[in-house]
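To start, the structure itself, in structure tokens.
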Amino acid sequence: MRQRLRSSDVHGEDGPMAPWWQSAVVYQIYPRSFADSNGDGVGDLPGIVAHLDHLSALGVDVVWLSPVYRSPMDDNGYDISDYTDVDPLFGSLADIDALIAGLHERGMKLVMDLVVNHTSDEHPWFVESRDVSSPKRDWYIWRPARAGHEPGTPGAEPTNWGSFFSGPGWQFDPASGQYYLHLFSAKQPDLNWENPAVRQAVYEMMRWWLDRGVDGFRMDVINLISKTYPLADGPVNGPGGLCYDPSLVVEGPRLHEFLREMNREVGITERELFTVGEMILVNVEQARSHTAAEAGELGMVFTFEHVNLDQLGVKWDLKPLHLPELKANLAQWQYGLAEEGWNSLYFENHDQPRSVSRFGDDSQEFRVTSAKTLATTMHLLKGTPYVYQGQELGMTNAGFTAIEQYNDLESLRFHAEAVSGGADPEELMAAIAFKSRDNARTPMQWDAGPNAGFGQGEPWLRVNPNHVEINAAAAIADPGSVFHHYRRLIELRHQLEVVRQGRFDLLLPEEVRLFCYTRTLGAEVLLVVANWSPEPAALPLADLPSLDGAEVLLGTHAATGAELAGWESRIYRLG
Ligand code: NOJ
């Protein structure tokens with residue numbers, strides 16, 4: 001059994017101890033789709049507890065659990081109506097305790113999803129806030145109608161902001177004649193972080209979870225919590241005269257102050273908690289300002305820059321990925337956070353399509369190899385890697401063909417809006433098939449049996465028919481599987497300080513098919529060479545460090561010649 005990581009086990013490049021989470025690999029569980037223990041078609045906590053050995057076998061250190069709190073499930077739990085209880089759909093607090101115990105026994109830690117930019121409209125705080133005379137009125141962001149407009153009529157919203165899920169970002173409340181702000185769905189009203197009582201209630205809730213034994217938090221859209229006042233119109237750039245410019249609402253003037261206060265009040269640095277802030281539009285300088293040790297804010301942030309490179313503006317406007325752009329972007333983050341701050345490394349999560357379908361090649365011929373090559377490219381970077389459930393099996397996009405097969409409110413709302421705007425139906429369905437969040441939410445493929453071994457009941461979202469071939473049982477039995485490749489990558493990180501803390505240097509930035517870089521720590525140098533294309537590619541040996549005496553630590557193929565096969569990759573330790 002592995003020991004739990006502690007900072008004192010870890011030594012940084014220059015001697016000082018690095019925090020334990022800089023050596024960790026995280027596994028994200030989207031509970032609704034992981035494993036269903038009671039046959040209701042929805043994954044649950046006992047289902048997770050039953051599969052902890054899968055995570056141990058993979059070797060991950062931390063589990064990030066997407067929300068399991070009480071919720072009306074408008075946004076699958078990202079709309080919380082009780083922060084200190086578990087939704088009956090997922091189980092009970094006793095099940096959480098069993099999960100914490102089961103993980104800790106196996107040397108793993110638990111990170112909860114912290115969703116505090118907004119609550120559900122069914123949260124008692126918001127229910128009280130609807131009453132204008134309630135002390136909770138100011139816990140949310142209420143505003144009168146735009147001057148000169150009849151409240152509740154189109155265009156009377158206090159500002160022209162669109163919500164991230166399409167349509168106006170304000171909801172009219174007839175009882176008080178005012179509007180409340182919701183940057184996501186109307187069932188997700190934004191909290192007013194200017195009110196100190198709101199902040200204290202959040203910190204108290206965080207301490208409550210820590211007392212229960214959790215080890216940290218993944219913070220949902222945390223760079224939206226500080227709004228810029230006065231709230232004002234932005235440039236119109238979307239249907240319905242709306243402004244869909246997230247730069248208006250991110251990184252507000254009090255964000256640093258709020259994050260520092262949270263860190264202090266909850267004891268984030270002091271207790272060595274794991275923290276990662278999801279930050280829309282964050283750039284590398286901002287990331288450094290939030291994650292440098294002296295900032296006293298967060299461990300790391302999630303950027304969106306690299307996963308937005310296959311779109312032209314909004315996520316549904318597709319453009320092919322140009323490898324040099326991806327390399328330049330990842331390198332910019334590697335260099336930008338090399339001395340101060342820390343990177344989180346990911347290609348997938350519950351909001352992103354499957355990476356093998358998106359950036360790799362999910363054909364019969366290249367699915368396994370390209371999934372491994374994407375994994376190698378990401379896991380040898382400096383930072384904390386995240387594996388999203390099923391990514392370790394090379395699970396692919398859902399393959400849905402009709403809008404009725406989708407469940408996600410973002411996809412459905414976009415579809416409805418685009419249809420009413422006269423969009424070309426074929427293009428529309430192609431964009432949704434490629435980018436919908438449901439691609440990552442199809443049930444976890446455990447085996448080749450009914451419902452992919454997810455559970456006895458009809459799953460809430462259709463199982464991918466390819467589970468007969470792509471599943472955990474088959475992957476574990478096959479030493480050449482994507483699963484075992486991930487396991488070896490995680491092992492390498494645990495074994496080699498150069499993987500954890502070595503310096504990153506990008507090679508051949510303009511190469512359109514090869515992704516090559518080195519990692520260096522003292523005399524130790526690793527070289528990663530990866531062919532991101534289905535065609536064979538010669539290694540430009542003259543432009544690479546010498547391979548004399550080099551040893552392949554891990555490769556997708558047995559070969560060691562001067563040509564990489566389609567989607568082949570290798571990790572060399574240089575002589
Ligand atoms: C980001 C989460 O990852 C996403 O799933 C959710 O819909 C929004 N935040 C709103 O909470």
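General remarks:
- Tabulated pairs, segment 475-490, first without any contact (Cβ under 8 Å) to a residue 60 or more places away in the chain, second outside any helix (DSSP H, G or I), C-beta under 8 angstrom, 6+ apart or interchain: His484/Asp478
Per-residue answers, yes or no, for (1) within 26 Å of Gln334 (Cβ to Cβ); (2) not assigned by TED's automatic domain parsing to the domain that holds Ser355:
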residue	(1), (2)
Asp447	no, no
Arg462	no, no
Ala472	no, no
Pro479	no, no
Leu514	yes, yes
Val528	yes, yes
Asn531	yes, yes
Gly549	no, yes
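For every residue, the table says whether it meets (1) of a type outside the set (Ser, Thr, Tyr); (2) within 29 Å of Leu345 (Cα to Cα).
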| residue | (1), (2) |
| --- | --- |
| Thr377 | no, yes |
| Pro385 | yes, yes |
| Gly390 | yes, yes |
| His415 | yes, no |
| Ala431 | yes, yes |
| Ser436 | no, yes |
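- Enumeration of residues in segment 74-93 that are within 14 Å of the ligand (Cβ to nearest atom), open to solvent by less than 20 Å² (accessible area, probe 1.4 Å) and more than 12 Å from Val116 (Cα to Cα): Asp75, Asn76, Gly77
- Scanning segment 409-428 turns up one or more residues that are under 30 Å from Thr275 (Cβ atoms), within 16 Å of the ligand (Cβ to nearest atom) and open to solvent by 20 Å² or more (accessible area, probe 1.4 Å).
- All conditions in (1) at pLDDT below 95; (2) within 16 Å of the ligand (Cβ to nearest atom) hold for Gly15, with the sole exception of (2).
- Among the residues of segment 276-296, those identified as within 16 Å of the ligand (Cβ to nearest atom), crowded, with 21+ Cβ neighbours inside 10 Å and among the β-branched types (Val, Ile, Thr) are Val276, Val282.
- If only residues of segment 519-561 that are outside any loop (DSSP other than H, G, I, E, B) and of a type in the set (S, T, N, Q) are counted, the one that is surrounded by the most Cβ atoms within 10 Å (Cβ to Cβ) is Asn531.
- Pair list, Cβ < 8 Å and 6+ apart or interchain, from segment 163-191 residues that are on the phi > 0 side of the Ramachandran plot to residues that are of a type in the set (Lys, Arg) and within 15 Å of the ligand (Cβ to nearest atom): Ser166/Arg413; Gly167/Arg413
- Tabulated pairs, segment 399-415, first not assigned by TED's automatic domain parsing to the domain that holds Phe164, second among the hydroxyl-bearing types (Ser, Thr, Tyr) and at pLDDT below 95, C-beta under 6 angstrom, 6+ apart or interchain: Arg413/Ser166; Phe414/Ser166
- Val236 meets all of the listed conditions (1) assigned to a loop (DSSP other than H, G, I, E, B); (2) within 30 Å of Ala98 (Cβ to Cβ); (3) of a type in the set (A, V, I, L, M, F, W, C) but one, namely (2).
The values are calculated or read from the model by the stated rules, or taken from the named source; none is laboratory data. Nothing here was measured: the structure is a model prediction, and the numbers come from that model. All Cβ positions, glycine included, derive from the backbone under ideal geometry; neighbour counts span all protein chains shown. The protein model used for the area step is the full one, side chains on, heavy atoms only, and it has no ligands, DNA or RNA in it. Shrake-Rupley method; radii C 1.70, N 1.55, O 1.52, S 1.80 Å.
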